[in-house]
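Comments concern the structure below.
The values are calculated or read from the model by the stated rules, or taken from the named source; none is laboratory data. Please read these numbers as outputs of a predicted model, since none were measured by experiment. Cβ placement follows ideal geometry from the backbone for every residue including glycine, while neighbour counts extend to all protein chains displayed. For accessibility, only protein heavy atoms count, side chains too; no ligands or nucleic acids. Shrake-Rupley method; radii C 1.70, N 1.55, O 1.52, S 1.80 Å.
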Amino acid sequence: GENVVVRSGHGVGKTAVASWAIIWKLTCFPRARVPATAPTQHQLYDILWPEVGLWIERGGLEDLLEWTATRVAVRGHEKLWFAVARSSNRPERLAGQHAEHLLYVVDEASGVEDATWHVIDGARTSDGAVVLAIGNPTRRSGGFYDAFHRHRKFWHGLRVSSENSPRVARSWVEEMAEKWGRDSDIYRVRVAGEFPRGEADTYIPVDLVESCVFRDVPEGGPAELGVDVARYGDSETVIVARRGLKVLWLRAYRKRGVPEVIGLVVQAAKDVREETGADRIRVKVDDTGVGGGVTDGLQDVARDELPWLEVVPVNFGGPGNERYANETAMMWGHLRELMASGQLSLPRDDDLIGQLSVRKYRVDPRGRIRLESKEEMRRRGVSSPDRADALALAFWTPDELAAEPDIFWL
């Protein structure tokens with residue numbers, strides 16, 4: 001048996017292949033065992049495991065295999081012949097598997113922590129054990145990266161690009177190329193199935209953003225909205241809702257006037273209140289330009305009708321501090337800090353991930369961080385970071401941070 005590692009673009013059918021491998025091992029090898037893992041509970045229990053159940057059903061294998069939410073067993077041999085979903089946040093539970101036919105399946109393997117990789121690497125060396133590791137190549141370190149580089153003699157490595165996958169729409173590939181450029185890290189990772197280069201002047205590297213997608217974070221916390229109001233015909237008005245450390249959803253609209261945007265934000269605030277049961281909703285609005293009209297309108301509605309709605313105007317061009325040249329840089333600095341400390345859970349949204357990971361920065365003559373402006377981004381042909389700015393607003397807590405100046409860093 002050979003250990004196989006596959007790096008791929010988005011939408012090529014990774015999870016289906018991982019589930020086929022699990023079913024193949026169970027149906028073709030006596031008393032086989034298949035521990036399967038993924039970096040997040042969501043990927044493991046909500047995506048991979050239901051996919052296994054789907055293919056058991058499609059293959060007409062229900063008489064042979066019994067599927068439950070965490071296990072698949074060969075009927076009549078449930079104790080000795082099974083596959084099991086093991087969360088990677090307790091790697092010790094992956095270890096200690098002994099069987100003549102052992103297959104470890106690792107989905108979205110680039111995001112798996114080093115401790116789990118050590119267990120998998122240990123398993124790889126034992127007789128009769130093989131590993132299938134599969135995923136988007138999101139970061140330039142860790143066991144998945146090593147399998148293609150310094151440990152490649154131990155692995156059979158494959159790459160599957162979305163560019164030539166029959167399962168991926170050409171239009172999406174072209175859109176990604178047009179928005180971000182074929183040489184951008186976001187295109188390399190999500191489309192070409194290549195590791196990021198790690199561009200030096202990018203403020204938030206793509207591997208940091210990717211590590212936050214569907215991340216498991218504690219429940220609860222304040223319910224807040226960030227609203228970035230479109231300034232140009234082709235940019236978006238974006239509303240991001242969060243509860244504590246988790247982004248609940250993102251809504252984007254084009255070509256909407258001020259009164260309509262006010263209505264959309266009020267509706268969003270009501271939705272979040274209903275969804276979370278929070279007794280108070282705070283909305284932070286980009287108050288520059290057109291946004292000023294939206295802030296005024298929202299403040300009127302809050303004062304007259306919605307006492308539970310708190311409206312906070314924020315000025316992206318506002319003054320910075322000794323580390324950041326302006327309020328935009330301060331907000332993004334705070335976002336980056338949350339990401340780096342593992343305190344942020346993002347949805348899988350290509351545009352959001354792209355916008356977060358292509359914005360460049362420079363250091364000004366006073367040694368402060370200055371992010372490139374929306375206009376500069378437009379001039380070099382990448383999307384205006386409307387979704388990323390709305391996210392930064394949603395997590396911006398200027399009153400709390402004022403008492404805690406050390407949170408800013410680079």
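Numbers at a glance
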quantity: Apportionment of accessible area to carbon and sulfur, the range 229-302, percent (1.4 Å); calculated: 47
quantity: Relative contact order, percent, the chain [alpha-carbon distance under 8 Å, six or more residues apart]; calculated: 16
quantity: Computed over the range 35-152: relative contact order in percent, which uses C-alpha pairs under 8 Å that are six or more apart; calculated: 27
quantity: Gaussian network model of the chain, springs between alpha carbon atoms under 10 Å - residue of L54, L335, L94 with greatest fluctuation; calculated: L54
quantity: Volume per residue of the C-alpha convex hull in the range 208-290, rounded to whole Å³; calculated: 107
quantity: Range of Cα positions in the range 52-161 per principal axis (Å), largest first; calculated: 44, 32, 25
quantity: Estimated 222 nm signal from helices in the chain, with DSSP H stretches of n ≥ 4 weighted -39500 (n - 2.57), rounded to 500; calculated: -9500 deg cm²/dmol
quantity: For the chain, with +1 on Lys and Arg beta carbons and -1 on Asp and Glu, the positive-most of V265, W117, A69 along the dipole; calculated: W117
quantity: Share antiparallel - DSSP beta bridges, the range 1-151, percent rounded to 5; calculated: 25
quantity: Ranking by accessible area, most exposed first, for C28, C212 with a 1.4 Å probe; calculated: C28, C212
quantity: By accessible area with a 1.4 Å probe, ligands and nucleic acids excluded, highest first: order of Y203, Y253; calculated: Y253, Y203
quantity: Two-site label geometry, D296 and W20: point separation in nm, points 7 Å out along Cα→Cβ; calculated: 6.1
quantity: Mean-position separation - Cα centroids, the range 321-377 and the range 34-111, in angstrom; calculated: 39
quantity: Alpha-carbon centroid distance for the pair the range 177-210 / the range 149-166, whole angstrom; calculated: 18
quantity: Accessible-area composition of the range 59-151, carbon plus sulfur, in percent [1.4 Å probe]; calculated: 50
quantity: Dipole in debye (nearest 20) - the range 49-152, about Cα centre, beta carbon charges: Lys, Arg +1; Asp, Glu -1; calculated: 320
quantity: The chain: most fluctuating residue of P385, P218, P196 per GNM, C-alpha cutoff 10 Å; calculated: P218
quantity: Too-long pairs where the Cα-Cα distance tops 30 Å, listed order kept, from K14/K255; K14/K270; K14/K246; calculated: K14/K255; K14/K270
quantity: Mean projected area in nm² (Cα convex hull; one quarter of hull surface) for the range 127-247; calculated: 11.7
quantity: In Å², nearest 10: area of R90 left accessible to a 1.4 Å probe; calculated: 120
quantity: Accessible heavy-atom area order of Y145, Y324, highest first, probe of 1.4 Å; calculated: Y145, Y324
quantity: DSSP beta bridges in the chain [antiparallel fraction, %, rounded to 5]; calculated: 40
quantity: Nearest-20 debye value, the chain charge dipole, Cβ charges on Lys, Arg, Asp, Glu; calculated: 1240
quantity: The chain: C-alpha gyration tensor shape, a/c 1.5 cut-off, then a/b vs b/c; calculated: prolate
quantity: Positive-end residue of P205, S126, W172, charge dipole of the chain with Cβ unit charges; calculated: S126
quantity: Solvent-accessible area of E375 with every protein chain in place, 1.4 Å probe, in Å² to the nearest 10; calculated: 70
quantity: Label point distance in nm, Q343-E92, each placed 7 Å from Cα along Cα→Cβ; calculated: 2.8
quantity: FRET E, pair W308, A115, Förster distance 51 Å, beta-carbon r, rounded to 0.05; calculated: 0.70
quantity: Whole-number accessible area per residue in Å² for the chain, which is evaluated in the context of all protein chains at 1.4 Å; calculated: 44
quantity: Assigned charges on the beta-carbon of Lys, Arg, Asp, Glu; the range 1-90 dipole about Cα centre (debye); calculated: 360
quantity: Heavy atoms of H149: accessible area, 1.4 Å probe, square angstrom to 10; calculated: 70
quantity: Cα→Cβ-extended label distance, 7 Å offset, between R75 and K153, nm; calculated: 4.8
quantity: Loop sites in the range 277-364: trypsin sites (Lys or Arg not before Pro), DSSP, at most 13 other Cβ within 10 Å; calculated: R280, R348
